[in-house]
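What follows is a single structure, written as structure tokens, with notes after it.
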Amino acid sequence: MKATDTPPVVTVKEPAPVSKAPAPGDKEKSSEGKVLNVFSHGVLIIWAILVVMPLLWAIMASFKTDDSILSTPWALPDKLHFENWSRAWSQAHMSDYFLNTILVVGGSLIGTLLLGSMAAYVLARFDFPGNRFVYYMFIGGMSFPIILALVPLFFVMNNMGLLNTRHGLILVYIAYSLPFTVFFLTSFFRTLPSSVAEAAMLDGASHTRTFFQVMLPMAKPGLISVGIFNFLGQWNQYLLPTVLNTDPKYRVLSQGLVELANGQGYKGDWSGLFAGLVMAMLPVLAAYIIFQRQVVAGLTAGAVK
């Protein structure tokens with residue numbers, strides 16, 4: 001038998017990859033992006049310094065004596081003078097102002113979130129005649145200057161017996177914060193899936209049970225976000241309590257700080273004033289530090305459907 005010849009093996013060389021030169025436009029875009037990145041970071045650093053430095057200086061001054069505050073304002077304290085804080089807490093009645101502020105802001109915050117979430121849920125989920133009109137009325141309340149309502153509000157509260165009372169100030173804070181709360185939560189409730197509420201209704205849940213046990217827990221990020229904003233605005237409120245709360249025993253922290261500054265006369269208890277200022281700032285800083293992730297989550301969740 002004749003052996004069959006094996007065909008020769010032919011090797012094919014693959015062409016070498018051709019490196020593509022970057023286009024001139026890509027280099028320009030990359031350089032522009034780097035310049036913009038450096039510029040934005042520089043602006044953020046400057047802004048952070050402008051915000052953090054006064055805060056740190058106030059904390060540092062609260063532990064110094066009056067002489068060291070005036071003579072060496074930027075130097076560190078020789079020792080921590082905690083008597084400034086005790087003097088501001090007891091002699092300047094900051095403890096009473098702190099308690100009044102917690103009661104007023106706590107009550108108004110609960111009422112604002114409860115009433116605002118209920119109104120926002122109805123406006124976002126139910127179609128009825130006048131829905132848009134009511135919604136735009138709340139938006140119009142955001143643009144109305146509060147200073148124009150001070151005089152009629154004063155007489156209304158005086159006639160109702162709510163002047164110089166904690167519960168009267170709570171009601172005013174709720175009415176003041178409701179427009180923004182309804183506006184924020186209405187857009188948030190619209191992003192929530194309606195299938196969950198429909199499934200709860202099919203299971204026999206009423207509208208009230210569906211809202212409190214299904215939809216309200218789903219709106220927790222939005223509630224935390226708008227709650228932080230309302231907390232900041234109500235905690236630092238000065239105009240409304242000054243006009244509607246003139247009784248010294250019901251004064252809030254903002255009124256107490258002004259009273260502490262005005263009551264010094266020519267003495268100048270700067271260390272006690274800075275201690276009281278830091279006391280007023282600490283709850284706000286603590287609230288934002290604790291709930292900062294929830295605030296960001298609530299803002300982004302309301303923008304993405």
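The values are calculated or read from the model by the stated rules, or taken from the named source; none is laboratory data. Fair warning: this is a prediction, and the values are worked out from it, not measured in the lab. Every residue, glycine among them, receives a Cβ derived from its backbone with ideal geometry; neighbour counts consider all protein chains shown. These accessible areas exclude ligands, DNA and RNA; they are computed on the full protein's heavy atoms, side chains included. Shrake-Rupley method; radii C 1.70, N 1.55, O 1.52, S 1.80 Å.
Need a quick list: helices (runs of 4 or more DSSP H) entirely within region 154-243 having at least 2 residues that are touching a Ser or Thr at 6+ places or on another chain (Cβ under 9 Å), among the β-branched types (Val, Ile, Thr) and surrounded by 17 or more Cβ atoms within 10 Å (Cβ to Cβ). Show your work before the answer.
Details: elements: 166-191, 194-202, 207-210, 220-235.
Once the helices (runs of 4 or more DSSP H) in region 154-243 are filtered for at least 2 residues that are touching a Ser or Thr at 6+ places or on another chain (Cβ under 9 Å), among the β-branched types (Val, Ile, Thr) and surrounded by 17 or more Cβ atoms within 10 Å (Cβ to Cβ), what remains is 166-191.
Looking at (1) exposed (fewer than 13 other Cβ atoms within 10 Å of the Cβ); (2) within 13 Å of Leu273 (Cβ to Cβ), which one does Asp67 not meet, given that it meets all the others?
Here Asp67 meets the rest and fails (2).
Which of the residues belonging to region 44-64 are in a helix (DSSP H, G or I) and either among the small types (Gly, Ala, Ser) or open to solvent by less than 70 Å² (accessible area, probe 1.4 Å) (or both)?
Ala48, Val52, Leu55, Trp57, Ala58, Ile59, Met60, Ala61
Working only within region 76-109, note down all residues that are out of contact with any Leu (no Cβ under 7 Å at 6 or more places or on another chain) and assigned to a loop (DSSP other than H, G, I, E, B).
Passing the criteria: Leu76, Pro77, Asp78, Lys79, Leu80, His81, Phe82, Gln91, His93.
How do the pairs read when you match residues in region 144-172 that are over 17 Å from Lys249 (Cβ atoms) and modelled with pLDDT under 95 with residues anywhere that are open to solvent by less than 60 Å² (accessible area, probe 1.4 Å) and among the small types (Gly, Ala, Ser), using Cβ under 7 Å and keeping only pairs 6 or more apart or on different chains?
As it stands, the answer is Met157/Gly168, since those pairs meet every condition given.
Yes or no: region 79-94 includes at least one residue that is exposed (fewer than 10 other Cβ atoms within 10 Å of the Cβ) and modelled with pLDDT under 90. So that I can check it myself, show each step before the final result.
Filtering region 79-94 for residues exposed (fewer than 10 other Cβ atoms within 10 Å of the Cβ) gives 79.
Filter once more, keeping what is modelled with pLDDT under 90: 79.
Yes - at least one qualifying residue is present in region 79-94.
Residue-by-condition table, conditions (1) in the same structural domain as Phe184 (by the TED database); (2) assigned to a helix (DSSP H, G or I); (3) not hydrophobic (A, V, I, L, M, F, W, C):
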position	(1), (2), (3)
Gly111	yes, yes, yes
Ser117	yes, yes, yes
Ala124	yes, yes, no
Pro129	yes, no, yes
Phe138	yes, yes, no
Met142	yes, yes, no
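Pull out all pairs, ordered by first then second residue, where Cβ-Cβ is under 6 Å, the residues are six or more apart or on different chains, the first lies in region 249-264 and is under 13 Å from Gly276 (Cα atoms) and buried (at least 21 other Cβ atoms within 10 Å of the Cβ), and the second is aliphatic (A, V, I, L, M) and modelled with pLDDT under 85.
If the second residue must be aliphatic (A, V, I, L, M) and modelled with pLDDT under 85, the pairs left are Leu260/Ala92.
Of the residues Val252, Val214, Val226, which is in contact with a Leu (Cβ under 7 Å, 6 or more places away or on another chain) and either at pLDDT 90 or above or not assigned by the TED database to the domain that holds Ile170 (or both)?
Val226
If Ala58 passes every condition in (1) closer than 19 Å to Asp269 by Cβ; (2) more than 31 Å from the chain's Cα centre (by Cα); (3) aliphatic (A, V, I, L, M) but one, which one does it miss?
Looking at each condition in turn, Ala58 falls short on (2).
Residue by residue through region 244-255, note down the ones that are in a helix (DSSP H, G or I) and of a type in the set (A, V, I, L, M).
If the condition is that a residue be in a helix (DSSP H, G or I) and of a type in the set (A, V, I, L, M), then Leu244, Leu253 are the ones that fit.
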